[in-house]
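The values are calculated or read from the model by the stated rules, or taken from the named source; none is laboratory data. Please read all numbers here as calculations on a predicted model, not as lab measurements. Note that each Cβ is placed from the backbone with ideal geometry, even for glycine, and that neighbours are counted across all protein chains shown. Side chains are part of the model used for accessible areas, which takes the heavy atoms of the whole protein and leaves out ligands, DNA and RNA. Shrake-Rupley method; radii C 1.70, N 1.55, O 1.52, S 1.80 Å.
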Amino acid sequence: MHFIVDGQRINATTGGRPFDPSKPVVLFIHGAGFDRTCWNLQTRYFAHHGRSVLAVDLPGHGESEGAPLATIEAMADWVPKLLDAAGVQQAALVGHSMGAMIAVQTAARHPARVRALALCGVAAAMPVHPEMLESAKAGTAKVRELMTFWGVGRSLQLSGMSVPGLWLTRTALAILERNRPGVIANDLEACNAHKALAEAGKSVTCPSLLVLGDGDLMTPARNAKALSEAIAGSRTEIIRDSGHFMMIERPDETLVALKTVV
């Protein structure tokens, strides 16, 4: 379905059920260079179990119009505009990587709009390797290859996927290759520049869960400690044999974790 936010057509999927804003709403927010499709394996469950679901393409991503927003703060201030367009007062936010950063900042800056947080593949800071930034700015394929190589857990590089027929590395590359010029560079620069996530976490008051992969090379679990300590009452769930893309690599385990908070 589509919404108009800041005059731009924004695309979101609903998990296979009509969107009903009177039900508890769960908003899924993708990471850098990705889109709504990364949540396919979780949205359907919540949409068929008492929730209304939106998995959104951020501006400039997927099938949404507009230019990508340049900072995590701007992305966080955009989320309430989307909720307004959808007729939603409050939602649980499920974010992955850059999407998790957006979720934390949204909860800190707009606490009345967020009833719970689930933060997948998150860390207190997400510095981006200079080679990735350089390639992203130049528009070469190296950044996409590095994001895939470092993002997918080592145990799943060659085999071991729990979802039959899914080739994770090829799927991730295909999503990244669909990006319009400059989008990946925009997102990685936004993540690299954002140093205030743990500080923002101190202002979060809603129930919060960090979902981390024990083999995540992009955002190692140890790098989330400062954020988990900053968010009062937060819990942490470690997904075994998972890299950065736990919602695709270990969909069942990720779903079990999400069910405890959203």
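Beta carbons closer than 6 Å, at least 6 apart along the sequence or on distinct chains, pair a first residue in the range 24-39 that is closer than 21 Å to residue 141 by Cα with a second that is part of a loop (DSSP other than H, G, I, E, B) and of a type outside the set (Phe, Trp, Tyr) for 31/97; 33/179; 35/57; 35/61; 35/62; 38/30.
For the range 26-41, does any single residue satisfy the condition of being in a strand (DSSP E or B), open to solvent by less than 40 Å² (accessible area, probe 1.4 Å) and more than 23 Å from residue 251 (Cβ to Cβ)?
Pass one, the range 26-41, residues in a strand (DSSP E or B): 26-29.
Next, from what is left, pick out any that are open to solvent by less than 40 Å² (accessible area, probe 1.4 Å): 26-29.
Checking which are more than 23 Å from residue 251 (Cβ to Cβ) leaves us with none.
No, because not a single residue in the range 26-41 is in a strand (DSSP E or B), open to solvent by less than 40 Å² (accessible area, probe 1.4 Å) and more than 23 Å from residue 251 (Cβ to Cβ).
Name the residue, out of 188, 227, 258, 210, that is closer than 20 Å to residue 113 by Cα, part of a helix (DSSP H, G or I) and open to solvent by less than 30 Å² (accessible area, probe 1.4 Å).
Details: 188 fails: closer than 20 Å to residue 113 by Cα; 227 fails: closer than 20 Å to residue 113 by Cα; 210 fails: part of a helix (DSSP H, G or I).
One residue alone meets the criteria, 258.
Which residues, counting only those in the range 58-82, are crowded, with 18+ Cβ neighbours inside 10 Å, assigned to a helix (DSSP H, G or I) and not hydrophobic (A, V, I, L, M, F, W, C)? Within the range 58-82, 73, 80 meet the criteria. Is one or more of the residues making up the range 114-136 part of a helix (DSSP H, G or I) and under 23 Å from residue 236 (Cα atoms)? No, every residue in the range 114-136 fails to be part of a helix (DSSP H, G or I) and under 23 Å from residue 236 (Cα atoms).
So, residue 152, is that one at pLDDT 95 or above and of a type in the set (Val, Ile, Thr) or not? So residue 152 does not fit the description; no.
Can you tell me which residue is surrounded by the most Cβ atoms within 10 Å (Cβ to Cβ) among those in the range 42-57 that are over 14 Å from the mean Cα position of the chain (by Cα) and touching a residue at least 60 places away in the same chain (Cβ under 8 Å)? Of everything passing the filter in the range 42-57, 46 is surrounded by the most Cβ atoms within 10 Å (Cβ to Cβ).
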